[in-house]
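Asker: Here it is, the structure, as structure tokens.
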Amino acid sequence: MKVDFAGKDKLTPLARMGKLMANEPIDRVAFNSFAMGFAARISGMDRGTYYRNPERAFEACLSLMEAYPWTNSAPAYGWADQGAWEFGGSVIWPDNDESAAPRSFGPVITDPEGVDSLPDPDPETAGMIPLIDRFNAVSRKHGFPASLPGGTPTNMSTGIVGDATFLRWMIRYPEAVHKLQRKVTNLLLGAAEITIAKYGAENCAIQCAVPMDSNLLMSPKAFERFSKPYIKEILGYYLEKGVRRFLVHLCGNHTGNLIHWRDIPLPPRTIFSIGHEMDLEATARFFGKDHIIAGNISTTLLQSGSYEEVFAETVRCLKAGMKHPGGYILMPACEFPPNTPVENLEAVAQAVFEHGYY
Amino acid sequence: MRVQKEELFRGLSDAIVAMDEEKTVELSKAIIAGNIDAYEAIEKGLSEGMERVGRLFEEEEYFVPELLICSDAMYAGLEILRPHITAAETDKKHRVVIGVIQGDTHDIGKNLVKIMLEASRFEVFDLGRDVPPARFVEKAKELGADLIAISTLMTTTMEDMGTVIKLLKEDGSRGRFKVMVGGGPISKRFADRIGADGYAVNAGAAASMAQTFLKAER
């Protein structure tokens, strides 16, 4: 059953987001689907096609936005398993697969001595960077911001040496971890400099996803020692250059790390989106009214739950998030699952329609 | 002799908790040199140490890096002690087939469960990552395993955990194995829906659950 938002909405999606970012009153909660694989599926393409062809990926995202005009979705492109390809390894494309994202073939090095001999990749041509740039080019043509490289080097560093090796090195070879983080940070900043010069800081946005920095893997002390200095450097650079659109995706449980985020330079109205492991109200209270909270519809329920369960889960999120004086965006806990039944997206719509108005 | 034995076992346990691979190896060698029962040393030294590590992990004193280094020490000790276990003691072990379900290559969680299962003296056969459902069934039957443990971090691959159970039912072998599932998107509700015997929220809980399954069968 399609929900008729047109009769109730007082703002267009663009106006709604603009007012939210300006901390002005809005009519209802914005929903950002954060959909990539789902957009591909709805457009009838497999994920290999989506990721190999940024222009087609953009079209798929636009089609999704047109099919669901009540959402505040934005075109998105990227994947989590990074680093190996950029530093000399290879990538496995999810051809003929509706579900998987590109992934690394394997670590590039596994010995700490190997860090020094890692090449310094070209920040214009390494790995996925040219693909991101193609997506950025078509995004800008349509008035969407260009994406800057993620704000943490840890995702790439773990991709270069393997998750378990990186975590072991934190104890056995901390200097190697720092050397690796430094190399990756240099690449990210190099790519960022090119992107900002090309499109202008005011037309750029950063989505800083930090799955490998979570307390499910490392302690808050380890985050402070091995991740925070580099995140500070990268996000500080963006801020200094004049980038003002920041989204931090706290993927996993980052409760122990939150205190450190107070030291990381961020502009007002930074969006903090959280996964299912964290609490919307508590996280919102922590960051305060100067920032926006987003999340955290269970992706398991979106994919496998009933219409009623998804509806209830969405209402849970709305009730928690709408209390936040800084503003709230309804989002899934992580990427919208590609295999989500369309009916479950309709359940989200119904819940927003009934409970999402201020 | 008894005092010395207990001291060595305690020392082994402490070395594991201290992430001291060198000390673990030294003490393991001393145990062999002293003709002390290797199986008892594994049980009261290495496994005991890893149980303490598991509690520290649950209390968020230790995190994954510490768990991995402790397990390195444990494996170093096992390498020395295992060859000295008698065949009868080896036969006593319960077998687990473990892997990450097809389509998923995230294996840290699976590796942590494997560590804790081995620390709990299960014999673990690791199928690795991206494992087709039929392979779990095939290997479990081949080995006469007691337990199949399946992991995933992704919503997109979790339904195939149900496929493993479906395959077991189809060939009439469901009753031969306990099936345990875990990973980021997994919940007890999901485990119940697909007909799994259990869901564990973390590696320590997985090892405890495995022990509970087997005690219930005795």
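Laboratory data are not the source of any read-out in this text; all were calculated from the coordinates shown. Note that this is a predicted model, so its numbers are computed, not measured. Quick reminder, even Gly has a Cβ in these numbers, built from the backbone with ideal geometry, and neighbours come from all protein chains shown.
Asker: Output ³J(HN,Hα) for segment A:159-175: one whole-Hz value per residue in order, computed from phi by the Karplus curve 6.51 cos²θ - 1.76 cosθ + 1.60 with θ = phi - 60°, and x for Gly and Pro.
Answerer: Couplings: x, 6, 10, x, 4, 5, 5, 4, 5, 5, 4, 4, 9, 7, 9, x, 5 Hz.
Asker: To the nearest 20 Debye, how big is the dipole of chain B about its Cα centre, given +1 on the beta carbon of each Lys and Arg and -1 on that of each Asp and Glu?
Answerer: 880 debye
Asker: Using only DSSP helix segments of four residues or longer, with each worth -39500 (n - 2.57), what per-residue ellipticity at 222 nm results for chain A after dividing by its residue count and rounding to 500?
Answerer: So the calculated ellipticity at 222 nm is -13000 deg cm²/dmol.
Asker: Can you sort A:THR71, A:THR152, B:THR212 by how many other beta carbons sit within 10 Å, fewest first?
Answerer: B:THR212, A:THR71, A:THR152
Asker: Counting other Cβ atoms within 10 Å of each Cβ, which trypsin sites (Lys or Arg not before Pro) in segment A:281-320 have at most 11 and sit in a DSSP loop?
Answerer: Here no trypsin sites (Lys or Arg not before Pro) fit, given the DSSP loop and packing criteria.
Asker: Then there's this: Under a 5 Å amide H to amide H cut-off, with H placed in plane at 1.01 Å, what residues pair with B:VAL179 once short-range neighbours are removed?
Answerer: Excluding prolines and chain starts, which carry no amide H, the hits are B:ILE148, B:ASP197, B:GLY198.
Asker: Another question, if that's okay. Looking at the P(r) of chain A, how many percent of alpha-carbon pairs lie beyond 36 Å?
Answerer: 17 percent
Asker: Taking the Cβ of A:TRP261 as the centre, find all other residues whose Cβ is under 14 Å away and add up their charges (Lys, Arg: +1; Asp, Glu: -1).
Answerer: 0
Asker: To continue, here is another question. In whole Å, what is the distance between the alpha-carbon centres of segment A:286-333 and segment B:158-218?
Answerer: Measuring centre to centre over Cα atoms gives 30 Å.
Asker: Report, by chain and number, residues whose modeled amide H sits under 5 Å from the one on A:ILE329, excluding near sequence neighbours (fewer than 5 apart, same chain).
Answerer: Amide H neighbours of A:ILE329, under 5 Å, 5+ apart: A:ILE293, A:ALA294, A:GLY295.
Asker: For segment A:118-179 and segment B:46-120, what is the separation of their C-alpha centers, rounded to whole Å?
Answerer: Each part's Cα centre sits 32 Å from the other's.
Asker: Here's a follow-up. Using only the Cα atoms of chain B, build the gyration tensor, take square roots of its eigenvalues as a ≥ b ≥ c, and label the shape rounded, prolate or oblate: rounded if a/c is under 1.5, else prolate if a/b is larger than b/c, else oblate.
Answerer: prolate
Asker: Can you tell me the relative contact order of segment B:93-217? Whole percent, Cα pairs under 8 Å, sequence separation 6 or more.
Answerer: Over segment B:93-217, the number comes to 28 percent.
Asker: What does the net charge come to around B:GLY103 if you take all other residues with beta carbon closer than 12 Å to its beta carbon, with K and R at +1 and D and E at -1?
Answerer: Every neighbour counted, the sum reads -3.
Asker: Related question: Too long at a 23 Å Cα-Cα cut-off: which of A:LYS10/A:LYS323; A:LYS2/B:LYS188; B:LYS141/B:LYS169; A:LYS198/A:LYS241?
Answerer: A:LYS2/B:LYS188
Asker: Segment B:50-129: which GluC sites (Glu not before Pro) are DSSP loop and have at most 13 other beta-carbon atoms within 10 angstrom?
Answerer: B:GLU59, B:GLU60, B:GLU61
Asker: May I ask you to list the chymotrypsin sites (Phe, Trp or Tyr not before Pro) in segment A:105-182 that are in a DSSP loop and have at most 15 other Cβ atoms within 10 Å of their Cβ?
Answerer: Counting only loop positions with at most 15 other Cβ atoms within 10 Å, the chymotrypsin sites (Phe, Trp or Tyr not before Pro) in segment A:105-182 are A:PHE105.
Asker: Counting only C-alpha contacts under 8 Å and six or more residues apart, can you give the relative contact order of chain B as a whole percent?
Answerer: Relative contact order, chain B: 17 percent.
Asker: Another one. Across segment B:93-217, what fraction of all alpha-carbon pairs, as a whole percent, falls in each successive 5 Å bin from zero upward?
Answerer: 2, 13, 26, 28, 22, 8, 1
Asker: Just to be sure I understand: of the beta bridges DSSP finds with both ends in chain A, what percent are antiparallel, rounded to 5?
Answerer: 10 percent
Asker: Compute from the Cα atoms of segment B:2-89 the Rg and the Dmax, the latter being the longest Cα-Cα distance, and quote both in angstrom.
Answerer: Spelled out, the Cα radius of gyration and Dmax of segment B:2-89 are 12.4, 38 Å.
Asker: Tell me the relative contact order for segment A:5-355 as a rounded percent, counting alpha carbon contacts under 8 Å between residues six or more apart.
Answerer: Relative contact order for segment A:5-355 comes out at 17 percent.
Asker: Sticking with this structure for a sec: Quick one: grab Rg to one decimal and Dmax as a whole number for segment A:287-341, Cα atoms only, in Å.
Answerer: 12.0, 36
Asker: Another question, then. Quick one: Karplus J couplings for segment A:9-23, per residue in order, coefficients 6.51, -1.76, 1.60, θ = phi - 60°, nearest Hz, x for Gly and Pro?
Answerer: Using θ = phi - 60°, the values come out as 5, 9, 10, 6, x, 5, 5, 4, 5, x, 5, 4, 5, 8, 6 Hz.
Asker: I want to check the label-to-label distance for B:ASP192 and B:GLU58. Put each point 7 Å from Cα in the C-beta direction and report it in nm to one decimal.
Answerer: 2.2 nm
Asker: Still on this structure, please answer the following. Counting other beta carbons within 10 Å of each Cβ, put A:TYR358, A:TYR230 in order, fewest first.
Answerer: Ranking A:TYR358, A:TYR230 by Cβ neighbours within 10 Å, fewest first, gives A:TYR358, A:TYR230.
Asker: What is the sum of charges, Lys and Arg at +1 and Asp and Glu at -1, for the other residues whose Cβ falls under 12 Å from the Cβ of B:ARG174?
Answerer: Summing Lys and Arg as +1 and Asp and Glu as -1 gives +2.
Asker: Which value does Rg/Rh take for segment A:164-232 over its C-alpha atoms, Rh per Kirkwood?
Answerer: Using only Cα positions, Rg/Rh for segment A:164-232 is 1.05.
Asker: Within the P(r) computed for segment B:148-207, what percentage of the Cα pairs occupies the region above 17 Å?
Answerer: Summing the P(r) of segment B:148-207 above 17 Å gives 30 percent of all pairs.
Asker: Quick one: 3J(HN,Hα) in Hz for segment A:279-287, Karplus 6.51/-1.76/1.60 with θ = phi - 60°, rounded, Gly and Pro as x.
Answerer: Here the 3J(HN,Hα) series is 9, 4, 5, 5, 5, 4, 4, 4, 7 Hz.
Asker: Once you've got the Cα coordinates, tell me which of A:LYS19/A:LYS289; A:LYS8/A:LYS319; A:LYS19/A:LYS232; A:LYS232/B:LYS114; B:LYS110/B:LYS166; B:LYS5/B:LYS93 are over 25 Å apart.
Answerer: Long pairs (Cα-Cα over 25 Å): A:LYS19/A:LYS232; A:LYS232/B:LYS114.
Asker: 5 Å is the cut-off here: which amide hydrogens, built 1.01 Å from N in the peptide plane, fall below it relative to A:MET128, excluding neighbours closer than 5 in sequence?
Answerer: A:GLU86
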